[in-house]
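Below you'll find the structure, written out as structure tokens, and then a few comments.
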Amino acid sequence: MKQEELKALVGRAALAHVVRGELVGVGTGSTVNHFIDALAGIKGDIRGAVSSSVKSTERLQAHGIAVFDAQDVQSLPVYIDGADEIDGRGFMIKGGGAALTREKIVADLAARFVCIADDSKKVPVLGAFPLPVEVIAMAAAQVSRRFAALGGSATLRAGVLTDNGNPILDVRGLSITDPLAMETEVNQWPGVVTVGIFARHKASLCLLATAQGVQTLVF
Ligand code: 5RP
């Protein structure tokens, strides 16, 4: 099966985790786009969605799914999103689509994080995928120096600003053996808006699409 078919398979499988009669948190990316398209088929059974990006909002609304402002929502039963990498403990790298800050905000509202991914995203140790970090522009050089001291090489993602108007650094060369510790450390650095390590907001479970079907990994 091609990667796009695996993404479509797992996007449909995620419907089983949507709580009927409630709001659902919706992530961002090509895998989530398949989920949104599948969600349209049960839109009459949910109250609506809380979205993590302008792109996902536009796709949800194009399907006639009501999108609620995160500010008006106290909690969500479930947040469904993709990942750039996920390890054997449910820790993830996210932000390849530059939506990491809003993704973490919506994930924070949710009781459960359901990660949907094809099996190319499953890794033993996080870090082969360049770690995205949303920063205040003024801090980009200093944050890059701090990563260099940890053995990482940070570059500004060319031509990209997030939905919040900030640049993204992509950090190569890290081997993230302790995601919780690194997330905690980088969160302390002035000018970091969001680091794309999702350890405090790790997956509760992962639906992993493989050529043999969808596996469920519970963390
Ligand atoms: C966007 C993300 C995405 O979840 C991540 O990049 C995976 O995307 P895709 O499903 O397109 O592979 O974190 O910021």
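Being open to solvent by 10 Å² or more (accessible area, probe 1.4 Å) and over 26 Å from Asp119 (Cα atoms) narrows it down to one of Gln188, Gln215, so name that one. Only one candidate qualifies: Gln188.
Would you check if Asp118 is open to solvent by less than 30 Å² (accessible area, probe 1.4 Å) and of a type in the set (Asp, Glu)? Judged against the criteria, Asp118 is a match.
Identify, by number, the condition in (1) touching a Lys or Arg at 6+ places or on another chain (Cβ under 8 Å); (2) farther than 23 Å from Ala110 by Cβ that His201 doesn't meet. Single failed check for His201: (2). If you go through region 71-89 and keep only what is surrounded by fewer than 21 Cβ atoms within 10 Å (Cβ to Cβ) and within 15 Å of the ligand (Cβ to nearest atom), you end up with nothing. Count of region 39-56 residues, restricted to those that are surrounded by fewer than 22 Cβ atoms within 10 Å (Cβ to Cβ) and more than 14 Å from the ligand (Cβ to nearest atom), is 9.
Give me the residue from region 10-36 that is within 13 Å of the ligand (Cβ to nearest atom) and open to solvent by 20 Å² or more (accessible area, probe 1.4 Å) and, out of that set, farthest from Lys104 (Cα to Cα). The selected residue is His34. Residues that are near the ligand (Cβ under 10 Å from one of its atoms) and not in a strand (DSSP E or B) within region 90-103 comprise Lys94, Gly95, Gly96, Gly97, Ala98, Ala99, Leu100, Thr101, Arg102, Glu103, listed in sequence order.
Could you say which residue among Leu150, Leu180 is hydrophobic (A, V, I, L, M, F, W, C), more than 21 Å from the chain's Cα centre (by Cα) and open to solvent by 30 Å² or more (accessible area, probe 1.4 Å)?
After applying the criteria, what remains is Leu150.
Kindly establish whether Lys2 is within 16 Å of the ligand (Cβ to nearest atom) and open to solvent by less than 60 Å² (accessible area, probe 1.4 Å). Against the criterion (within 16 Å of the ligand (Cβ to nearest atom) and open to solvent by less than 60 Å² (accessible area, probe 1.4 Å)), Lys2 does not qualify. For first residues located in region 110-130 and β-branched (Val, Ile, Thr), partners that are open to solvent by 30 Å² or more (accessible area, probe 1.4 Å) and not in a strand (DSSP E or B) and lie 6+ apart or on another chain with Cβ distances below 7 Å form the pairs Val114/His17; Val114/Ser204; Val125/Ser175; Val125/Thr177.
Condition test on Thr194, is it among the β-branched types (Val, Ile, Thr), in contact (Cβ under 8 Å) with a residue 40 or more places away in the chain and assigned to a strand (DSSP E or B)? When the stated conditions are applied, Thr194 passes them.
Filtering region 113-155 to residues that are among the β-branched types (Val, Ile, Thr) and not in a loop (DSSP other than H, G, I, E, B) leaves Val114, Ile116, Val133, Val135, Val143, Thr155.
Could you tell me whether region 36-49 includes any residue that is over 30 Å from Ser175 (Cα atoms) and within 15 Å of the chain's Cα centre (by Cα)? The answer is yes; a qualifying residue exists.
Residues in region 156-191 that are polar (S, T, N, Q) and assigned to a loop (DSSP other than H, G, I, E, B): Thr162, Asn164, Asn166, Ser175, Thr177, Gln188.
The values are calculated or read from the model by the stated rules, or taken from the named source; none is laboratory data. None of the values given here were measured: they were computed from a predicted structure. All Cβ positions, even for glycine, are placed from backbone atoms using ideal geometry, and neighbour counts span all protein chains on display. In case anyone asks, the SASA skips ligands and DNA or RNA and just uses the protein heavy atoms, side chains included. Shrake-Rupley method; radii C 1.70, N 1.55, O 1.52, S 1.80 Å.
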